[in-house]
Amino acid sequence: MSVAQDTHLIAPHGGKLVDRTGARPEGVEKLEQLELTSRELSDLDMLASGALSPLEGFMAQHDYERVVDDLRLANGLPWALPVCLAVDREPDGDQVALTDASGTPLAVLEVEGAYEYDKEREADRCFRTTDEAHPGVARLYQQKPCYLAGRVTVFERVEPPFPELALDPAQTRATFAERGWRRVVGFQTRNPIHRAHEYLTKGALETVDGLLIHPLVGETKSDDVPAATRVECYRVLVDNYFPHDRVLVAAFPAAMRYAGPREAIWHAICRKNYGCSHFIVGRDHAGVGDYYGTYDAQLIFDEFEPHELDIEPMFFEHAFFCRVCGQMATPKTCPHGGDDHVFLSGTKVRELLSEGQLPPAEFSRPEVAEVLIQAYRG
Ligand SMILES: [Zn+2]
């Protein structure tokens, strides 16, 4: 892996951690104001912090086209998903102010130009479907018709939903360096962590120095478990079952796109910017419904030479408790049949929790289940 000179951590994507924060310029209120969607606000915040390094703003057409066509920026660097700002038309001035839904200006964008884009083509290439029932495709189809390109300077950061977990890439990197970690595995999640994922994260941690549990806290589908409940689940899990000097929990401010394989690559690149040298990719990473094959999000990594991404994916199959083995296992490590495995469907788990019953301890830690039971009651 290529290494940042000062800390022995993996170098950011493209070599340098971008910082697009800056002072509020004079006369912002006189500029044309553009209100961002919640996904665009998440992207803006990640541009500010360098989580999307080497991007310094919303994508220009040459980058957008090449990303959609062959998973690379115009300069050849791997990149998996558009990071674009949808507008009705090109603004008149050379600068516009970007605002949140309340109209508060957060950033200035230096207008590089606007371009039309083909929504069906973007859907087909990036989401592998043009079906409007797919939540990412549905959102794409609702977008305004042009993309506005330009570098951003963010002078007011979005209020983080969990201030105690709000760590920018520079801060996670500083924490890793302080703790003497060099090899760090990142774990993306938008679900409560039950025994299966605890097993994967601990299996990965056995081979590296530290673990970053990095729950996504940006916008998700309305039927996903709310971030506040999940964050409480991570807290009780880590408090009770992880060594504190080997784990860091921080929030990943991205919005879910549900782009499956491409999002797995994108998630990995972002975590590299946070200082992770390794990244866990499980079954159906960032998937939704049955749009993607179970292992598509692992197979897509083969489209790159390992040195190109630099961050190393760690692939896992689904885990379960096996009564014969007497421990957590996966189909890779357990020869026994399904009857010997503790398996509960998502529907069954929700049913138990909403009735106030604990799932088996082989499935879920009781402390985690209690948090979910309280959330169902609330
Ligand atoms: Zn077994």
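Quick look at the numbers
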read-out: Gaussian network model of the chain, springs between alpha carbon atoms under 10 Å - residue of P261, P243, P78 with greatest fluctuation; value: P243
read-out: Percentage relative contact order, the stretch 11-95, counting C-alpha pairs under 8 Å, at least six apart; value: 30
read-out: Only Lys, Arg (+1) and Asp, Glu (-1) charged, at Cβ; the chain dipole about Cα centre in debye; value: 1080
read-out: Most positive-pole-ward Cα, F187, F321, V137, against dipole of the chain from beta carbon charges; value: F321
read-out: Where trypsin sites (Lys or Arg not before Pro) fall in DSSP loop in the stretch 149-199, at most 15 other Cβ within 10 Å; value: R179
read-out: Neighbourhood net charge (10 Å Cβ-Cβ; Lys/Arg +1, Asp/Glu -1) for Y274; value: +2
read-out: Two-decimal Rg/Rh across the stretch 233-378, once Rg and the Kirkwood Rh are taken from alpha-carbon atoms; value: 0.99
read-out: Calculated [θ] (222 nm, deg cm²/dmol) that DSSP helices of n ≥ 4 give over the chain, each run adding -39,500 (n - 2.57); value: -8500 deg cm²/dmol
read-out: 0 to 90° range, to nearest 10: angle between helix 169-178 axis and the chain longest Cα axis; value: 50
read-out: Cα centre as origin, Lys/Arg/Asp/Glu Cβ charges: the stretch 290-378 dipole, Debye; value: 700
read-out: In the stretch 205-244, GluC sites (Glu not before Pro) in a DSSP loop with at most 13 other beta-carbon atoms within 10 Å; value: E206
read-out: Most mobile listed residue (C126, C322, C233) in the chain, GNM with C-alpha springs under 10 Å; value: C322
read-out: Karplus 3J(HN,Hα) series, Hz, for the stretch 259-276 with 6.51 cos²θ - 1.76 cosθ + 1.60 (x for Gly, Pro); value: 8, x, x, 5, 6, 4, 4, 5, 4, 5, 4, 4, 5, 4, 5, 6, x, 7
read-out: Whole-Å semi-axes of the stretch 1-140's equivalent ellipsoid (Cα gyration tensor); value: 25, 24, 14
read-out: For the stretch 94-201, alpha-carbon Rg relative to the globular expectation (2.2 N^0.38 Å, N residues); value: 1.49
read-out: Computed magnitude of the charge dipole of the stretch 98-205 (debye, nearest 20; Cβ of K, R +1, Cβ of D, E -1); value: 680
read-out: Rel. contact order, % - alpha carbon contacts under 8 angstrom, at least six apart, the chain; value: 18
read-out: Coil-residue GluC sites (Glu not before Pro) of the stretch 9-54, DSSP, other Cβ within 10 Å capped at 14; value: E26
read-out: Estimated vicinal HN-Hα couplings, Hz - the stretch 82-94 in sequence order (Karplus 6.51, -1.76, 1.60; Gly, Pro = x); value: x, 10, 10, 10, 8, 9, 7, 6, 6, x, 6, x, 8
read-out: Dipole axis of the chain (+1 Lys, Arg; -1 Asp, Glu on Cβ), positive-most option in G150, Y274, A361; value: A361
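Since every read-out is calculated from the coordinates, none of them should be taken as a lab result. Small disclaimer: the values here were computed from a predicted structure and weren't measured. Reconstructed Cβ throughout: ideal geometry from the backbone, glycine too, with neighbour counts over all protein chains shown.
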